[in-house]
Amino acid sequence: MTDNPHVYPRRVDCAGVPIDLAMMRPQDDAKVVAFARELPEKDLLFMRRDIRQPKVVAAWTDLIAQGRLASLLARNGDDVVGCAALIVDPLSWSPHVGELRIVVSPKMRGVGLGRLLIEEAFIIALSRGLEKLVAQMTVDQQGAIAVFEQLGFRGEALMRDHVKGADGRKHDIVLLSHDVARVQSQMEAYGLADVF
Ligand SMILES: CC(C)(COP(=O)(O)OP(=O)(O)OC[C@H]1O[C@@H](n2cnc3c(N)ncnc32)[C@H](O)[C@@H]1OP(=O)(O)O)[C@@H](O)C(=O)NCCC(=O)NCCS
């Protein structure tokens, strides 16, 4: 999301709550860890690593510095209440694919923040020329699946018993994907490309 520096920081209104959107910086680490520690574990299982651990978040900001990860934070006052990450590996065989990870504080859910963060990450993915987006989540995250489907993502794969919580229970992961390039070319055909 460094591609759009003019867009951030920016204040938006989510059902009457002022939310400040800004790119994540290394000095935000402690606030991100505090945010993650308030989330139930089930809301974190879709991430590859446990972001409640400071060293995991430090590795995250290293990836930002390398340009492999763009991360946007949503704050209410001093507190982080939402986070979006777009991860790309330019050295892999999938440099055209971005992975989206979105999480919103339970106290801020249902007022449009999740949708806003996904849309912001989507615009950045387009500006980076990515052709496909994927998002993965545990199958019990019906709300998350509903939000992504509303934005045009579709189920592509199911990975059984793919993650294990601290209690030893395994959970299935669903992978949703969005063919950005196809949607964009359809929009261009209809003369709607400027929407982005
Ligand atoms: C997914 C998540 C980010 C959504 O955040 P949110 O701020 O509550 O979402 P929004 O308020 O923007 O809701 C977007 C839409 O989804 C719908 N939605 C939200 N929760 C829903 C639910 N449980 N069931 C059905 N629809 C739901 C809303 O009605 C809304 O639709 P509308 O705009 O037509 O009214 C949040 O639930 C979350 O952090 N989940 C845990 C982490 C996770 O699994 N992330 C996904 C992996 S990338």
*List every DSSP H helix in the chain whose Cα atoms extend 15 Å or more along the helix's own long axis and whose mean Kyte-Doolittle hydropathy is at least 1.0.*
113-127
*region 38-142 - percent relative contact order, Cα under 8 Å, separation 6 or more*: 24
*Sum of side-chain charges, Met159 neighbourhood, beta-carbon under 12 Å (Lys, Arg +1; Asp, Glu -1)*: -1
*Which FRET efficiency value, to the nearest 0.05, do you get for Lys164 and Asp78 by plugging their Cβ-Cβ distance into 1/(1 + (r/R0)^6) with R0 = 41 Å?*
0.75
*For Val88, Val111, what ranking results if the residue with the fewest other Cβ atoms within 10 Å of its Cβ goes first?*
Val111, Val88
_region 75-196 shape via C-alpha gyration tensor axes, a/c threshold 1.5_ = oblate
*Enumerate lysine pairs in the chain that are 8 or more residues apart or on different chains, then count those whose Cα atoms are under 24 Å apart.*
8
_At 0.36 nm per residue, and after removing the present C-alpha to C-alpha distance, how many nm does the segment from Tyr8 to Glu188 gain when stretched out fully?_
62.1 nm
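Every read-out reported here was derived from the displayed coordinates using simple, explicitly stated rules and does not represent laboratory data. Bear in mind the structure is a predicted one, so any value in this text is a computation, not a measurement. Neighbour counts are summed over all protein chains in view; Cβ atoms, including those assigned to glycine, are modelled from backbone coordinates with ideal geometry.
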